[in-house]
Each structure stands twice: as C-alpha cells, then as structure tokens.
Amino acid sequence: MSTTVDHAAATGGADSQPASGDSQAHQVLALIAQHRLLTTTQLHRMVTPHLPPRKIHKVLVPLREDGLITHTTLPGRLQAHFLTPAGHQTVAEWPELRGRNATPIHSPAAALLRAGHILTGARAHVAFLTDARTRGDEYQPLDWVPEITHRLPDTAGEDRLVADAVFHYTATSPRRLQYRAFVEIDRATMSSERLARKLITYARFHDYTPQPTSRRGTVGDQAALLAWQRVYPRFPRILFILTGAPRTTLTNRIADLRSMATGHELVARMATRVPLGAAILEDLETAGPQAPVWTPLTGSGEPRGWTEL
C-alpha cells in the first residue's frame, strides 16, 4: 500500500487518480509528518469528520501493517501515531511537506515526552478546522504548520524565533479576507514572565532588518526589507492559546501578557500594527474561535472573535 499511496499522490494524472482510501492514507501520512504526532481522534476529525470515528482505523491499520506508522499509548489508552523511518522516507519528497525540517520522533518513549505540547497544539488546530467547516471558510488540515523558525542573530541572546505554529486562513463571508497568525501554545509549564517575554522576541522580529551580506549593488535593496517581509506579505497576528491550569491562573497569565504589550516600548510599538490576542483553549473548543473568547492584549480588553482583534 505504501507504494500506491506515494505514486498515486505524486502523479495525480487524469489516468491515475487514487482511490478515496489512498487519498485518505496520503493525507494521514502528510498530517502525521507535519505535526509529528497525532491521536486517532484528531486524525478522524481532520480527515474523516463526515464518517463514523471507527472508519479512520481502516486508513491507519494498513499504514501500520506497511511499516509506515507506529504509535504510543497515552493515559486512557488513547493511541498517538508517528512516522517510522520508512514513513519519513515515503513522505520526504512530497511537495506539501517541502521545507519542513521538524525533528522526527523515533520511539514511543520520545513520543510520550513530546505528546503534551504537540497534541495540545493539534487540539487548537482542530478547533479552528471545525469552525471553518461550519462557516464554509477555506482552511484545510495542512494549513496549520507547527514549529516555524526564523533566525534572529542580534536579539540579545535570542538567536531565533520559534513560533509554535503559523496558520493560513481565508474567510469567505461576508467578504473574502485572508489571515495569517503566529500561535503560541501555553500549558502553564513556564513562568508567566517567561511567557510574556515571548512578545519581546516577536517585537524584535517585527523590527529586525538583516545586515547586508555583501557589498554588491543589490545590497541596498536587500537591506531595505525587514526580515519578515521576505516571508510574509503582512506580519501575522499573534495568538496565545492557554490551557493546563485553573481559569483564574490562566486569566492572570493573560493579564501579564496585556501588561507586557503596553508596558514594553518595543512590544507596544508592534502592537499598534499587529493584532494581539489570547484565549483559553477550552473556550475555543466549546464556543469556536470566532466567538468572543479572545482577550485583546491592548485596548479595552473586551472579548471578541480572533478575526476582530
């Protein structure tokens, strides 16, 4: 089956369209490669939400039998799937994964150690995906890209910005609008001050202009571009998604983010141009990301939907 999935997806010609089962297998492999680890339930909600949950097993079992995926068992006997070396080799040249260089997971023990953060990010992605399908917006399972790194060699010891995810979203009503967002997942595993300092790193990236690398005539044009302008047409909004602690604790952490957004000169300047917001993950899952569950990090703080920040 692994050969069928790879060849059918790669050719895509009119005479070699893959069967729906192969298309789903291709998508499952791509999603596991992109996220590195996904539960059975998350894969069902991403790939086959229109089918009964048990149907996703008809996709997963052949992939496991072909040696392309394996799994670890989480508390509650929930399975989380990751690629084997053969699976990584299969997807290595797929165009939808081009440029992805996330560190692969090599063992069930390593999967367990990484599961908390990775799967929490996938929960947030599923919340956006479910809401987009309800609204008829354009947002697909591969539009959430985890662990995006930008080099920042002159940021006071922070030599890179690693966003937990970047996603691309197109709203179709009442008018067509495209959005990009950096996402930071907070499980209350670091201090509130350290979380808030991430805003400083984003602000440095927002203002960072790389130094010229040569003295040729094109250097002036290169130096005129801010670093982010070489990657994004518009600086993405920044969304903090919090979970893993009582609501009072999470609310206090959001208040600390607001304090940083207004009290630090560099961040405050960025905040005049870039929408910033924070929300509790469970609220996104219950009410949807477009519900007024986001706290703006500047201004009145009145809750609103994420596109209204």
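Computed over neighbours whose Cβ is under 13 Å from that of LEU129, the net charge equals -1, Lys and Arg +1, Asp and Glu -1.
Only protein heavy atoms count here; on that basis, with a 1.4 Å probe, SER192 has an accessible area of about 20 Å². Relative to the longest principal axis of the Cα atoms of the chain, the long axis of helix 2-11 makes an angle of roughly 60 degrees. When Cα Rg over 2.2 N^0.38 Å is computed from the coordinates, the matching label among [x] 0.91; [y] 1.06; [z] 1.50 is [y]. The distance separating the Cα centre of segment 46-98 from that of segment 254-295 comes to 34 Å.
Axis of helix 20-35 versus longest Cα principal axis of the chain: the two differ by about 40°, to the nearest ten degrees.
Proximity of backbone amide H atoms, modeled 1.01 Å from N, is registered between GLU184 and LEU239, PHE240, ILE241 at under 5 Å, excluding neighbours fewer than 5 places apart on the same chain. Expressed per residue, the C-alpha convex hull volume of segment 23-154 stands at 136 Å³. Here is how the number arises for the chain: DSSP H runs of 4 or more residues each give -39500 (n - 2.57), the sum is divided by the residue count, and the result at 222 nm is -13000 deg cm²/dmol. Taking only the C-alpha atoms of segment 86-148, the Rg (one decimal) and the largest Cα-Cα distance, Dmax (whole number), read 14.0, 39 Å. Legend: residues TYR139, TYR179, sorted from most to least accessible area (1.4 Å probe; ligands, DNA and RNA excluded), read TYR179, TYR139. Helix 247-263 and the longest principal axis of the Cα set of the chain meet at an angle near 50°.
The values are calculated or read from the model by the stated rules, or taken from the named source; none is laboratory data. Since the structure is predicted, the reported quantities are computational estimates derived from the model, not experimental observations. Virtual Cβ from ideal backbone geometry, glycine too; neighbours counted across all protein chains shown. When the accessible area is computed, the model is the full protein with side chains, heavy atoms only, and any ligands, DNA or RNA have been set aside. Shrake-Rupley method; radii C 1.70, N 1.55, O 1.52, S 1.80 Å.
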